[in-house]
Amino acid sequence: MDVDYGPLTKLIGTWKGDKGTDIAPDPDEDQEINKFRETIVFTDIGTVTNAEEQTLAAVHYVLNVNRISDNAPIHHQTGYWMWDKDKDSVSHSLAIPRAVCVVASGKAEVNAKSVSIEVATDISGVVQTEFMSKKAKTTSFKNTITITDDTLHYFETTMVDIYGNSFEHTDENTLTRVS
Ligand code: HEM
């Protein structure tokens, strides 16, 4: 039987974009701004059933980010977008190789031209190592993603307690579907 991915259907495929902007914490300059290029591969992986009650349609993704100026790999991320058709809710789980994981939930809006999804969590949706809790603690995460035809735009805000301050670490990019 064909799986209904609902608002996640348009994600499936490979996306590339070189208009990314990252604002990240920096101990010397308060913040660093990195222009980046990015590839995201979203793969449909079917459904899961939880506690014989909840069915989630899941799309797995892997993303790679390289800084434009020196091509350095500055971010890697993997996770799942999941749609609960009964509740019409969306969740996004992600892991990054700083030993930080996040689960954020929210809603999708689908109309004839585009799909917009917004998910968010406070610290209750964050798991991180003791080191990160002490030194670079993620305290909340919010992510909006909009797909119009073959263009995907996302904006995300990760609040990080670091260097004695609460830092608004933001990332955004506009990507084009390449397959
Ligand atoms: C496109 C997305 C992202 C990019 C390009 C990016 C890039 C960066 C960069 C360049 C730094 C500074 C590293 C350094 O030189 O110290 C950083 C720091 C950090 N990022 Fe991200 N990041 C992204 C998304 C995320 C997400 C989704 C999270 C967590 C949910 C996250 C958590 C952190 C944390 C906790 C730090 C502080 C570590 C430190 O600077 O010592 N980032 N990020």
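Computed quantities for the displayed model
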{"quantity": "Overall Cα dimensions of region 1-80, principal axis frame, Å, largest first", "calculated": "52, 25, 17"}
{"quantity": "Whole-number D in µm²/s for region 1-154 (Stokes-Einstein; Kirkwood sum over Cα pairs; 10 °C, 1.306 mPa s)", "calculated": "95"}
{"quantity": "Ordering of 115-121, 127-133 by burial proxy (mean other Cβ atoms within 10 Å per residue, highest first)", "calculated": "115-121, 127-133"}
{"quantity": "Sequence-distant residues sharing a close amide H with Ile68 (under 5 Å, placed H)", "calculated": "Lys35, Phe36, Arg37"}
{"quantity": "Theoretical ellipticity at 222 nm over the chain - DSSP helices of four or more residues, -39500 (n - 2.57) apiece, nearest 500", "calculated": "-1000 deg cm²/dmol"}
{"quantity": "Surface accessible to a 1.4 Å probe, Lys107 within the full protein complex, Å²", "calculated": "110"}
{"quantity": "Rounded to the nearest 20 debye, dipole of the chain from Cβ charges on Lys, Arg, Asp, Glu", "calculated": "240"}
{"quantity": "Set of lysines with alpha-carbon distance to Lys134 below 30 Å, sequence-local pairs under 8 removed", "calculated": "Lys35, Lys142"}
{"quantity": "Cβ-placed point charges (K, R +1; D, E -1), dipole of region 63-139 about Cα centre in debye, nearest 20", "calculated": "260"}
{"quantity": "Cα-based equivalent ellipsoid of region 128-179: semi-axis lengths in Å, sorted from largest, via gyration tensor", "calculated": "30, 10, 8"}
{"quantity": "Accessible area of region 1-64 belonging to carbon and sulfur atoms, whole % at 1.4 Å probe", "calculated": "47"}
{"quantity": "Area of Tyr80 that stays accessible when all protein chains are in place (1.4 Å probe, Å², to 10)", "calculated": "90"}
{"quantity": "Two-site FRET efficiency, Glu168 against Ala51, from Cβ-Cβ distance with R₀ of 45 Å, rounded to 0.05", "calculated": "0.80"}
{"quantity": "Per residue, in Å², the accessible surface of region 114-154 once ligands and nucleic acids are set aside, probe 1.4 Å", "calculated": "51"}
{"quantity": "Euclidean distance of C-alpha centroids, region 114-157 and region 66-80, integer Å", "calculated": "16"}
{"quantity": "Flagged links, alpha-carbon separation over 20 Å, of Lys107/Lys135; Lys85/Lys107; Lys87/Lys107; Lys10/Lys85", "calculated": "Lys107/Lys135"}
{"quantity": "At R0 = 25 Å, FRET efficiency that the Cβ-Cβ distance of Thr148 and Asn71 yields, to 0.05", "calculated": "0.30"}
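The values are calculated or read from the model by the stated rules, or taken from the named source; none is laboratory data. The structure presented is a predicted model; accordingly, all values stated were derived computationally and were not measured. Neighbour counts run over all protein chains shown; Cβ positions are idealised from the backbone, glycine included. These area figures cover heavy atoms from the full protein model, side chains too; ligands, DNA and RNA do not enter into them. Shrake-Rupley method; radii C 1.70, N 1.55, O 1.52, S 1.80 Å.
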